[in-house]
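> I have a structure here, written as structure tokens, and I will follow up with some questions on it.
What follows draws every value from the coordinates through simple rules; no lab data is involved. None of the values given here were measured: they were computed from a predicted structure.
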Amino acid sequence: MFGWGAITTDGKTATDVLQKVTATDLPEDDCATEYDREIICNRGVTPETGTCKGDKGGPLVLYVNGIAYAMGVDSTGVEPCLFAPSHFTRITSNVAFISSEITGG
């Protein structure tokens, strides 16, 4: 996870330094009750880390053999920040929409 969002649980303290959080995905069933399968849920490996205000639209990146792959886009916010799982829209579930927007709709 990357972002320029708030760095405190109340969402009031911003940063001018790009933040990076190492995250672990949560099982799909943990998200399915509240969100559909197009959502990737995760949380920071370090306690009290994750997305917050100002991070929306930021990437969820998976590194494979040193190559970065964008897997999700930060899409929802839960307060207080950093205690609940982060939610990312799954890019592969929206390729047609993304392609149509890039090529002018």
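> With runs of 4+ DSSP H residues as the only contributors, calculate the mean residue ellipticity of the chain at 222 nm using -39,500 (n - 2.57) per run, divided by the residue total and rounded to the nearest 500.
Only helices count here, giving -3000 deg cm²/dmol.
> For residue 53, which sequence-distant residues (separation of 5 or more, or a different chain) have an amide H within less than 5 Å of its own amide H, given hydrogens modelled in the peptide plane?
Close amide H contacts, sequence-distant or interchain: 6.
> Additional query: Sorted from largest down, give the three principal axis spans of the alpha carbons of the chain, whole angstrom values.
Extents along the principal axes: 37, 33, 31 Å.
> In percent, how large is the relative contact order of the stretch 2-102, given Cα pairs closer than 8 Å and 6 or more residues apart?
Averaging sequence separation for qualifying contacts and normalising by length gives 27 percent for the stretch 2-102.
> If you stretched the chain out fully between residue 22 and residue 8, how much longer would it get, using 0.36 nm times the residue separation minus the C-alpha to C-alpha distance?
3.3 nm
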